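Working notes, structure below.
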Amino acid sequence: MTTAVHAQESGSTATTGKLPRTGRRWDWPLLMVCAVSALAVGLLSPTGTTQEAWGLAAALGYGCSALVAARSFAPWAPAPAVVAVVGGVVAPLLYLTVISKEQMEVGVVERAADLLFASGSPYHPTPHAVRDFNPYLPGMAVFGIPHMLCGGLPFSSARLWFLVGFLAAVAGALRMLTNGLGAGATRISTPQGVTARTGVLWLIACPVVALPLTFGGVDPPVIGLTCLALAFTQRGDAGRAGLALGAAAALKWTAWPAIPVLLAVLAVRGGWRAAVKSAAGAVGIALFTVLPVALVDSGAFYRNVVLYPLGLGPTASSAQSPLLGHLIAVLVPHGKTLTMGLIALSAMAVGLSLLIRPPRTAVAGADRLALGLVLAIVLSPATRVGYAIYPIVLLAWPRFTAALSAGALLGRQPGPGSRTIAAGSLLSGSRKS
């Protein structure tokens, strides 16, 4: 009778894609850490700032999510994920929208769209105050077009369109990885039993993602498009990987290091023809977007997009965190020059590693890219702790989507329950072979 029960449970697992509860639980303890961290952000931020509003609201949301998770049988269940998203993103976003409070980047991008259509350049020709500078590449001005066309209506804010761009990129990545499975695709699970839909919720609820989504940070659409490019790379679609990467590279410099990394992955997986095809799309879109604007007013482009974000201009960048590069620039003679040299050396080291030992999978490529970005963030004289969204998402999300992709491949096999299969079945089978 015991054998029959085990067989029945095994069959149920194979059909539903849910794994039995095993091992140590990490969900509710991590949510408690998120709650404490958010509370610290709220209490330590200046009164009336977007960070204070997010921190206090998110602390309550993550705390409630931890309680729900502790009462859930399965780890990383959908219910606490929904609570975390509502408390960490939806509630503070609605509150900040009602009181018309947003991060300075939102106004910068909206003004960039106005300047682009008025003068052909999204950059102030003679910037002096911090608000005058636009350190982003010309493609970022697209998110300000709704505000230019519709004025001050709530749905026209660039903050909302940053969120839409991020969600659209993530949804595109999931659709690519689960292509051909129809409505059952969202029920494919990882070895931990986390489905595609729930995984998206946990990604949004992650504090380093939730905070910029709430106050209007420009980085979520950039990392979202980078993850979309990684998804295409994982499936071997070099052309569309290049297009997604080119779109990200047209928004901000932080996407450009991904180009050589993904080209190295594609060269290993599909040969140099695939790498060249992807490079043509990525570099072509980026240059088509950047060069015309740079030529309209090269001086304004150089002052806004090169000098200011590096902290080398006469006006100090507001992106200053007590990381190594900032400390060197402030405390060491000729510190800014030294930090530029260190950044160049680290970039050369990562580039050399791509030639000597190129990454063979999208996950390995994301790891290499995360390493390069961490070095650049730490060594830059003008940086933000909020840039942590890049390495954290690059380390976590590609691993989750790799498991989903494995589950999608297995789910295409005919037979009962083939649309809802735990990815761990395929992954464990590949290890044995």
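Remarks
- Filter pass, I328 being closer than 30 Å to A267 by Cβ and in a helix (DSSP H, G or I): no
- Residue match in segment 79-95 (condition: farther than 23 Å from E52 by Cβ and either more than 21 Å from the chain's Cα centre (by Cα) or free of Cβ contacts under 8 Å to residues at least 40 places away in the same chain (or both)): yes
- Checking the stated criteria, E102 turns out to be open to solvent by 60 Å² or more (accessible area, probe 1.4 Å), acidic (D, E) and closer than 24 Å to R384 by Cα.
- Residue in segment 306-320 that is modelled with pLDDT of 90 or more and either open to solvent by less than 20 Å² (accessible area, probe 1.4 Å) or part of a loop (DSSP other than H, G, I, E, B) (or both) present: no
- Residue match in segment 267-285 (condition: in a helix (DSSP H, G or I), farther than 26 Å from V363 by Cα, open to solvent by less than 80 Å² (accessible area, probe 1.4 Å) and out of contact with any strand residue (DSSP E or B) (no Cβ under 9 Å at 6 or more places or on another chain)): no
- Qualifying residue in segment 11-18 (condition: modelled with pLDDT under 95, over 30 Å from L404 (Cβ atoms), of a type in the set (S, T, N, Q) and open to solvent by less than 60 Å² (accessible area, probe 1.4 Å)): no
- Among the candidates P292, P257, residue that is within 19 Å of the chain's Cα centre (by Cα) and open to solvent by 40 Å² or more (accessible area, probe 1.4 Å): P257
- Subset of segment 141-153 (residues that are part of a helix (DSSP H, G or I), open to solvent by 60 Å² or more (accessible area, probe 1.4 Å) and without any contact (Cβ under 8 Å) to a residue 12 or more places away in the chain): L149
- Among the residues listed as S156, S121, the single one being of a type in the set (S, T, Y), under 20 Å from L213 (Cα atoms) and open to solvent by less than 10 Å² (accessible area, probe 1.4 Å): S156
- Residue within segment 245-253 that is farther than 16 Å from M140 by Cβ, open to solvent by 10 Å² or more (accessible area, probe 1.4 Å), of a type outside the set (K, R) and assigned to a helix (DSSP H, G or I) present: no
- Looking only at residues in segment 171-211 that are over 20 Å from the mean Cα position of the chain (by Cα) and open to solvent by 40 Å² or more (accessible area, probe 1.4 Å), the one that is modelled with the highest pLDDT is N179.
- Those residues of segment 103-126 which are of a type in the set (F, W, Y) and part of a helix (DSSP H, G or I), in sequence order: F117
- Evaluating D132 against the criteria (1) within 26 Å of the chain's Cα centre (by Cα); (2) closer than 18 Å to G313 by Cβ leaves one unmet condition, (1).
- Failed item in (1) within 14 Å of V296 (Cβ to Cβ); (2) surrounded by fewer than 22 Cβ atoms within 10 Å (Cβ to Cβ); (3) of a type outside the set (D, E), with P138 passing the rest: (2)
- Condition met for L355 (open to solvent by 60 Å² or more (accessible area, probe 1.4 Å) and either modelled with pLDDT of 95 or more or hydrophobic (A, V, I, L, M, F, W, C) (or both)): yes
- Annotation note: of L371, L375, L352, L307, the sole residue that is within 26 Å of L263 (Cα to Cα), over 24 Å from the mean Cα position of the chain (by Cα) and free of Cβ contacts under 8 Å to residues at least 40 places away in the same chain is L352.
- Checked against the criterion of being under 16 Å from R131 (Cα atoms) and modelled with pLDDT of 90 or more, the candidates F288, F301 yield just one match: F301.
The values are calculated or read from the model by the stated rules, or taken from the named source; none is laboratory data. No experiment lies behind these values; they were computed from the predicted model shown. Glycine also receives a Cβ, built like all others from the backbone with ideal geometry; neighbour counts cover every protein chain displayed. With ligands, DNA and RNA removed, areas are computed over all heavy atoms of the protein, side chains included. Shrake-Rupley method; radii C 1.70, N 1.55, O 1.52, S 1.80 Å.
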